[in-house]
Amino acid sequence: MDNELVLKYKKTIVAVIATAFALYHFFTGYFGMPGLWKHRAIHLLGVLLLVYLTTGWTKQEKGFNKISVIFNVLAIVAILCMVFYIIPNAMEIQLRQGSPLIYDILAYAVIVVLILEAVRRMLGIPLTCVVIFMLLYLYFGNLIPGALGHPKFSTSIIISNMYSSLRGILGSPIGVASTYIIMFVIFAAFLNKSGGGEFFSDLATSLTGKKIGGPAKTAVIASAFMGMINGSPVANVAGTGAFTIPLMKKMGYDADFAGGVEAAASVGGQVLPPVMGASVFLMAEITNTPYIEICYRALVPAVLYYLVVYLNVHIEAIKRDLRPMESQSKKRAREVLKEGYYYVISLIVLLGSLIMGFSPMKAAFYAIISLIVLSWFKPSTRMGIKEIIEGFEAGGRTCLVVSVACAAAGIIVAVVSVTGLGLKFASLVSWIASGNLFIALVLTAMASMILGMGVNAVASYIIIAILLTPVLTKIGLPILVSHLFCYFFSMTAGLTPPVATVSYTAAGISGGSQTRTALMGLQLGITGFIIPFVFAYEEGLLLYGPFIHNIVPILTALVGLVLITCGFRGWLLVELRKAERLLLLIGGLLLVTPEPFTDIIGLALGLVIFIYKRRAVNSSNAIKTTDA
């Protein structure tokens, strides 16, 4: 049998497994699961099968070689132990907690090895090293002297916490992945498969194409729309960037700026409701907060982030005198909405179901059904059996990265819990901070950014949430605010050099320098590092309390962020001098500080600079008129 035929059969097998995998979750999301432990085991089985069938031993691997074939055969044989031993004996394995059989121990070892290799293939070496380090600490931490050491644990205790209970590998992270996350991933896959991505790009173009700096503003709006349905920033860059980055370059933006705009805009999609990023579902589980409430709390910070990124683009377009492209906006927004209204309706169904109190799984189920049914009203958008199957297949494939990260996170969570490492780490940070909230926030932000350079946002958020949110809550920050703070910094880590995965993806499309693109994305998305500190001290940005009381904090934060942006970009009506930039930065920082006195000073500084530059513009215009 030749290589091409083998690849063809493999592609068919993968399509069947991915479709069946997504359909299983689609129906269990509505009709219920066959027990938590068994459901999570089935999800992990499907994920591992798809990972090993769709990825190679090395990234450069083409087709098949002996090492790849041998390794994949061994992996599939090992996975079969889940089919014939773990899943059929789910109840017995759970009941044997504390006294595992030799077969339980072997099965546990097999799963850990499979997860480690899946993490290496999907997420790279850094997170793999983190998981291995945690396992070594679990087994040999008793040899470490002092406070960081722990008692020696028996095999039965390790197996009970890592394998046969709902605390380890099959704990909350994989539980969230197998319920909430995958249903929303399937919904996003159906939106993309039915042309939703093109619809939102067209809508963004119709709204911004005729404005100055049109393509760059289209990138911001389109990435915001895509972020509402797809919480993956890398996928957002790859999807919208393929369209917007070439347009920006054609209009006159350099490759580094074009890539930076797309990176900064795509990162924000992780905090923009209604879908947000995968970590939000984990946050809902950990904090015991309804998902719809998290969406509501994150709305204002997300909008502020995008407004400032949009302002950055606008200032750059004015400075470069980049005019709109007439050929861009052939359709009006009304015409675009008329052609693709059912995409919007499906989002309304999703939000309406959540507001009415339905579980996220059922809300996603109804949204998917509504999307399919509404597509039948127009021949050009009608989804047939083929398109529906392809939608499920795409959903089954898309969830792999998040699910593998959640499996790894389950191991880390179990180790932190069993060894007491979380309490030890929290005590160390509390000692350094000495009860000072600002110092604790800075340490948390630094840890999130450093960790986010090596691992994806899901794993970064979980690790930081376990280790550091207890410190923040102990000092007095509400638990949800603490988690949102960690979540924001896990998100912005995708922009942070020297390892900025989101910016590097954008640079690959733009052809620009990875480092310069990352620095530009960091500059454009700088508000993502400021906003969490603002809402940590001013909960009005998270819409706590009566809305009328939150208007002033929101407006002062907005004005402050605008002043900071103008100071960074060196532009307010006209070019700014260094002293003026510094005064604007100071004024902006005073405005985002939640004190009435600092707000007045910051607003006064901003007004003085604005009036001064306004007079300069008027004088310049008067001179031009006289000369004419």
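The values are calculated or read from the model by the stated rules, or taken from the named source; none is laboratory data. Computed from a predicted model, the values in this text were never measured in an experiment. So basically every Cβ, Gly included, is an ideal-geometry build from the backbone, and we count neighbours across all protein chains shown.
A few remarks follow.
- Region 4-47: number of residues that are more than 14 Å from I87 (Cα to Cα) and either modelled with pLDDT of 90 or more or assigned to a helix (DSSP H, G or I) (or both): 29
- Where S99 falls short, out of the listed (1) assigned to a loop (DSSP other than H, G, I, E, B); (2) crowded, with 20+ Cβ neighbours inside 10 Å: (2)
- Which numbered condition A493 misses (of (1) free of Cβ contacts under 8 Å to residues at least 60 places away in the same chain; (2) surrounded by fewer than 18 Cβ atoms within 10 Å (Cβ to Cβ); (3) farther than 20 Å from V300 by Cβ): (2)
- Summed over region 436-453, residues that are over 15 Å from the mean Cα position of the chain (by Cα) and not aliphatic (A, V, I, L, M) total 3.
- Residue list for region 382-416, restricted to those being crowded, with 18+ Cβ neighbours inside 10 Å and not in a helix (DSSP H, G or I): M383, C399
- Among residues of region 135-147, those that are surrounded by 11 or more Cβ atoms within 10 Å (Cβ to Cβ) and farther than 18 Å from A414 by Cβ, counted: 1
- In region 326-349, residue modelled with the highest pLDDT [restricted to those that are surrounded by 15 or more Cβ atoms within 10 Å (Cβ to Cβ) and assigned to a loop (DSSP other than H, G, I, E, B)]: K331
- Residues that are among the β-branched types (V, I, T) and more than 22 Å from L203 (Cβ to Cβ), drawn from region 330-381: I355, I369
- Among all positions in region 273-295, there is at least one residue which is over 25 Å from T244 (Cβ atoms), assigned by TED's automatic domain parsing to the domain that holds T240 and in contact with a Cys (Cβ under 8 Å, 6 or more places away or on another chain).
- Between L374, L428, L451, the distinction of being touching a residue at least 12 places away in the same chain (Cβ under 8 Å) and under 30 Å from I530 (Cβ atoms) belongs to L451 only.
- Residues that are at pLDDT below 85 and in a loop (DSSP other than H, G, I, E, B) within region 169-189 are absent altogether.
- Matching option when the condition is closer than 22 Å to E393 by Cβ and touching a residue at least 24 places away in the same chain (Cβ under 8 Å), among G171, G214, G175, G239: G239
- Meets criteria (surrounded by 14 or more Cβ atoms within 10 Å (Cβ to Cβ), hydrophobic (A, V, I, L, M, F, W, C) and outside the structural domain of V313 (by TED's automatic domain parsing)) for I526: yes
- Qualifying residue in region 137-152 (condition: in contact with a Leu (Cβ under 8 Å, 6 or more places away or on another chain) and free of Cβ contacts under 8 Å to residues at least 12 places away in the same chain): yes
- Test: residue in region 511-520 that is at pLDDT 90 or above and small (G, A, S): no
- Looking only at region 240-269, and only at residues there that are more than 16 Å from G511 (Cα to Cα) and of a type outside the set (V, I, T), the one that is surrounded by the most Cβ atoms within 10 Å (Cβ to Cβ): A265
- Candidates A500, A408, A457, A493 - the one that is at pLDDT 85 or above and outside the structural domain of M248 (by TED's automatic domain parsing): A408
- Evaluated against (1) closer than 25 Å to C406 by Cβ; (2) crowded, with 21+ Cβ neighbours inside 10 Å, T287 falls short on exactly one condition, (2).
- All helices (runs of 4 or more DSSP H) inside region 205-289 with 1 or more residues being over 14 Å from A317 (Cα atoms) and in contact with an Asp or Glu (Cβ under 8 Å, 6 or more places away or on another chain): 214-229, 233-251
- Filter pass, Y310 being out of contact with any Lys or Arg (no Cβ under 9 Å at 6 or more places or on another chain) and either in contact (Cβ under 8 Å) with a residue 40 or more places away in the chain or farther than 30 Å from L555 by Cβ (or both): no
- Selection status of T505, under 16 Å from A302 (Cβ atoms), crowded, with 18+ Cβ neighbours inside 10 Å and within 20 Å of the chain's Cα centre (by Cα): no
- The residues listed here are L166, L170; of these, the one that is within 16 Å of A41 (Cα to Cα) and surrounded by fewer than 18 Cβ atoms within 10 Å (Cβ to Cβ) is L166.
Each row is one residue, and each column tells you yes or no for (1) at pLDDT 90 or above; (2) surrounded by fewer than 12 Cβ atoms within 10 Å (Cβ to Cβ); (3) more than 18 Å from V308 (Cα to Cα); (4) under 34 Å from the mean Cα position of the chain (by Cα).
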{"site": "L542", "(1), (2), (3), (4)": "yes, no, no, yes"}
{"site": "P553", "(1), (2), (3), (4)": "yes, no, no, yes"}
{"site": "L563", "(1), (2), (3), (4)": "yes, no, no, yes"}
{"site": "I586", "(1), (2), (3), (4)": "yes, no, no, yes"}
{"site": "I601", "(1), (2), (3), (4)": "yes, no, yes, no"}
{"site": "A628", "(1), (2), (3), (4)": "no, yes, yes, no"}
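- Looking across region 350-375 at every residue that is modelled with pLDDT of 85 or more and in a loop (DSSP other than H, G, I, E, B), the one that is nearest to S178 (Cα to Cα) is identified as S359.
- Scanning region 73-94 for residues that are under 19 Å from V119 (Cβ atoms) and at pLDDT 70 or above returns A75, I76, A78, I79, M82.
- Filter pass, G352 being assigned by TED's automatic domain parsing to the domain that holds C295 and on the phi > 0 side of the Ramachandran plot: no
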